[in-house]
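Each remark here refers to the structure printed beneath this line.
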Amino acid sequence: MKTNVAELQVCSPRSIDEALQQRRDIPGLTPIAGGTEVLVWLNDAKFAGKTYQSLHGLAKDWRYVRANKDGTLGIGALATYSDVRFHPVVKERYPLLVESARVTGALQIQNRGTPVGNIANGSPAADTVPSLLVYDAKLKLKSLRGERLVDLKDFFTGYRRNVMTSDELITEIVLPPPLFMPAQQHYRKVGTREAQAISKVVFAGARSAAGVRLAWGSLAPTTIRALKTEAALQNGADANAAWEILQREIAPIDDIRSTAEYRRKVARNILFEFLNKLANTL
Amino acid sequence: MHDDEQSDVQQAAFRTSRRGFLKGVGIASAATVVLPGLSLGQEEAAGTPGLKEFGSGPLEISLKVNGDERKLSIEPRTTLLDALRTKLALTGTKEICDRGSCGGCTVLVDGRAMVSCMTLAIDMQGREITTAEGIGKDPGFAPLVDSFCEHDAAQCGFCIPGILVRSAALLKEIPNPTPLEIREGLAGNICRCGTYSRIFDAVEACAKKGGVA
């Protein structure tokens, strides 16, 4: 069933202050960045609230990908997947992010959708979130009360739930300087088709002297870092031992896109593929 | 009372109460002011300054579509797709999935392909919108249209306007694409008749004959 759109309202703030005021003063306000998730809800009468905040007018403030002097990278709330994917510094330093943006929908979606929206939406199948987890991303959350920095790995608290308060907006993703060489990184999305698909399982991983990162989508109520498996690998566990631990860190389910059993098999195959790739590049 | 009239009255009452509420929290007045056609030089970072509206009531806006400034009256929640089709009668932009999955509603915004079903019309003020109709009447793209015809690229043809629009942008981005680049470039457009190979051939042949202008 379609949403009764006559009941919906949209506000378009002209400044950051106005946007934050609206966040504080209008209960149940749903922000829209690219709209590639929120506008899908129109078809399903799944709108959570009645009032929407289109942030499009803040593009002059928030649409940027910025390499900072201290070696960090800032991705503004309204930077699109295309902005990220084709940015020279991202291409040079953060290949997993390039790859995950490339396989998000297809170009028509990448020209609209945003990685920050991907995070705020909180889907466990988000394509870019595992890459950002590998890179130890932090999020800038802003409200009229001030600004705070939250680790992405601590951001999600449950299925589509997060630590944001109702008056906050995510203004930027901050990536620290890269820790991994391109050959030490691996991204794999398994879906029904190459483009325009939502993942059955999605993985981003990396390993160097600086540590191991294993980040997964579609295997739990949120995108996750497999911290125990990471620790085991760091302590020299082999692939079979790592899989024993990983199995207990994931909680795949049957749904419209796949089955728990298939997801387990694919997760195991991806883990082995990743570890083989590392072994062959040493 | 006729059903439609009743619902109109209910809607009007609803609007009034919402506006009253919004006014009460001190962030919007009932009067909506929209600045006419903004000329934004830098398409990328521009956004739509000077725009602010609430409510489900109609709003007068202006969109630049295929080179013409068009005035229309829409509710703020209207997608670009609905505005083009129902308000401007530009039905070359197809509504197929209406959820960003098929590419049938692809239009160009400042030369870049986007799904118009996932785009609010109010956000597109001041931007250059090109639809399939615009591609069709632009002599620079005639070789592409001809190539689609020569290769018999359409079966039922319903997806073709969206594919034509995306192909036009693709050949501007990459004048001589490899077969793989064509496939990846058109990955966001779905054809359920499955004439992909002819579509890809049409784009490739057009590029080899000198492309688009």
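Compactness of the stretch A:154-282 was expressed as the Cα radius of gyration divided by 2.2 N^0.38 Å, which yields 1.12.
Relative to the longest principal axis of the Cα atoms of chain A, the long axis of helix A:16-25 makes an angle of roughly 80 degrees.
A Förster distance of 51 Å, applied to the separation of the beta-carbon atoms of residue B:213 and residue A:208, puts the FRET efficiency at 0.55.
Close amide H partners of residue A:162, meaning residues 5 or more places away or on another chain with modelled amide H under 5 Å apart, are A:157. Note on B:93-103: average number of Cβ atoms from other chains within 10 Å of each residue's Cβ is 4. Taking the C-alpha atoms only, the angle from helix A:260-281 to the longest principal axis of chain A is near 60 degrees. Restricting the calculation to Cα atoms, every distinct pair contributes to the Kirkwood radius of chain A, found to be 19.4 Å.
Panel note: the C-alpha atoms of the stretch B:136-213, placed on their principal axes, show extents of 29, 26, 17 Å (largest first). Between residue A:165 and residue A:280, the FRET efficiency from the beta-carbon distance, with R0 = 56 Å, is close to 0.75.
Straight-distance candidates among the lysines for linking to residue A:265, with alpha-carbon spacing under 16 Å and chain neighbours fewer than 8 residues away dropped: A:189, A:200. Across the alpha-carbon set of the stretch A:59-175, the Rg to Rh ratio works out to 0.93, Rh being the Kirkwood radius.
The alpha-carbon atoms of the protein assembly as shown define a convex hull whose volume equals 160 cubic angstrom per residue.
In this simple spin-label approximation, residue A:273 and residue A:244 carry label points 7 Å from Cα along the Cα→Cβ vector, and these lie 2.5 nm apart.
Here the stretch B:105-138 is scanned for amide nitrogen atoms under 15 Å from the site 7 Å beyond the Cα of residue B:173 along Cα-to-Cβ, giving B:106-116. Note on residue A:157/residue A:15: beta-carbon distance plugged into 1/(1 + (r/R0)^6) with R0 of 35 Å gives a FRET efficiency of 0.70. Relative to the longest principal axis of the Cα atoms of chain A, the long axis of helix A:239-249 makes an angle of roughly 30 degrees.
When the Debye formula is applied to the Cα atoms of the stretch B:80-169, each taken as the same point scatterer, what base-10 log of I(q)/I(0) results at q = 0.13, 0.18, 0.20 Å⁻¹? The calculated log intensity ratios at q = 0.13, 0.18, 0.20 Å⁻¹ are -0.38, -0.73, -0.90.
If I stretch the segment between residue A:194 and residue A:228 completely, what's the gain in nm (0.36 nm per residue apart, minus their alpha carbon distance), one decimal?
Using 0.36 nm per residue and subtracting the Cα-Cα distance, I get 9.2 nm.
Computed from the coordinates by the stated procedures, all read-outs in this text should not be read as laboratory data. From a predicted model like this one, the values you see are computed outputs, not experimental measurements. When we count neighbours, we look across all protein chains shown, and the Cβ atoms used for this are built from the backbone with ideal geometry, even at glycine.
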